[in-house]
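Have a look at the structure below before the remarks.
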Amino acid sequence: MLNRRQFLGVVGASVSLPAATLRGSQANEWGASVFDLHFHLRGQPAANIAHLDGAGIANANLLTRASAVDQVTAVQTAAPGRFTWFCSADPSRPENVEALTQSVKAGARGFGEMKYHLTTDGPEFRRAYALAADLKVPILIHFQEVDHFENEGTWSPGFAKNFERILKAYPNTTFIGHADAFWANVSAAYHNEAAYPSGPIVRGGITDKLLGDYANLFGDLSANSGNNMLSRDPEFTADFLRRHQNKLLFGSDCGCTDGHGGGVGQTNNPAAARLAGKCVARETLTVLKRSASPQTFRKIVWDNAHTLLKLPASRNSQ
Ligand SMILES: [Zn+2]
Ligand SMILES: [Zn+2]
């Protein structure tokens with residue numbers, strides 16, 4: 001059987017393929033088509049496609065700077081139908097309200113990732129939350145309070161203490177939480193003592209509670225933080241995925257070159273050394289697949305992202 005590249009070569013780039021045909025070859029490895037919500041834009045179009053193909057991923061959402069629209073267009077042109085995008089810009093700069101607005105008008109489907117040294121409930125982020133509601137797009141936020149390296153500083157600090165107030169104050173804003181503080185706080189026993197806490201999860205953690213209580217909060221399972229949470233306590237993980245099956249989204253945040261762990265040293269993040277030489281996408285898809293029912297797996301790796309990003313349901317497969 002032809003692989004996708006050979007098939008494209010046979011029919012030629014000018015022919016519009018039925019989407020199901022394209023996905024057919026990509027759906028096999030994981031048993032469902034996979035959408036990577038958290039994929040940072042790479043400079044060369046081919047490098048973006050190489051990671052998806054290598055990891056068995058059909059489509060991805062590119063996380064970019066608001067100024068990257070030309071690069072996004074180049075990637076989308078190189079692989080039609082496979083890439084959506086989010087844009088980010090520092091909300092402490094008033095002119096970025098316009099930059100974010102223009103990006104959404106140009107096709108961005110959300111804000112992200114928003115990773116800034118600004119408090120969760122400060123006026124700068126509040127401006128971004130309000131704008132996301134006005135533009136009807138989700139906002140993906142990196143929450144981190146423990147340094148990965150000396151003097152890194154905190155990103156959106158105040159999650160555990162103040163984020164519920166934000167969810168209440170901005171009911172029309174769709175939030176997607178991500179990173180260390182978001183996932184470590186699935187356990188009630190967490191108090192910022194480590195970036196990636198280990199051991200069994202104590203039920204009743206703030207993130208678990210917020211996902212259950214607020215319709216406007218979703219969770220992005222990408223990066224070492226998401227993988228670490230899913231890997232701590234198999235019994236808890238299966239139950240957590242079942243309970244929040246409509247609120248969780250697969251993402252990789254993987255930096256490997258080939259979808260097989262190539263080029264990843266985690267040197268800037270020694271606490272994540274367990275994933276050195278591994279593809280985060282593959283590691284997290286593996287734990288999701290063994291922990292969730294086929295139906296829940298499909299929601300987390302495909303359906304939920306399509307709903308949240310308002311992608312056509314006809315692109316669903318299998
Ligand atoms: Zn992040
Ligand atoms: Zn990878």
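Applying the criteria of a DSSP loop state and at most 11 other Cβ atoms within 10 Å to the GluC sites (Glu not before Pro) of the stretch 64-159 yields E95, E150.
The Rg/Rh ratio for the stretch 101-210, using Cα coordinates for both the radius of gyration and the Kirkwood hydrodynamic radius, is 0.99.
For the chain, what's the relative contact order in percent, using C-alpha pairs closer than 8 Å and at least 6 residues apart? Once normalised by length, the contact order is 17 percent. For K209, the aspartates and glutamates whose Cα falls under 12 Å of its own Cα, not counting residues fewer than eight places away in the same chain, are E164. Amide H to amide H, with H built 1.01 Å from N, G219 comes under 5 Å of G177, L248, L249, counting only residues 5 or more places away or on other chains. Evaluated at q = 0.07, 0.09, 0.11, 0.15 Å⁻¹, a Debye calculation over the C-alpha positions of the chain (equal weights, vacuum) places log10 I(q)/I(0) at -0.25, -0.43, -0.65, -1.27.
Exposure proxy ranking for D90, D213, based on other Cβ atoms within 10 angstrom of each Cβ and starting from the fewest, stands as D213, D90.
Each of E29 and V97 was given a label point 7 Å from its Cα along the Cα-to-Cβ line. The distance between the two points is 4.4 nm. Computed packing ranks the peptides 254-264, 155-165 as 155-165, 254-264, most packed first, by mean other Cβ atoms within 10 Å.
None of the figures in this text is laboratory data; all of them are computed from the coordinates on show. Treat the numbers as computed from the prediction; the structure is a model and nothing was measured. Here Cβ is always computed from backbone atoms with ideal geometry, including for glycine, and neighbour counts include all displayed protein chains.
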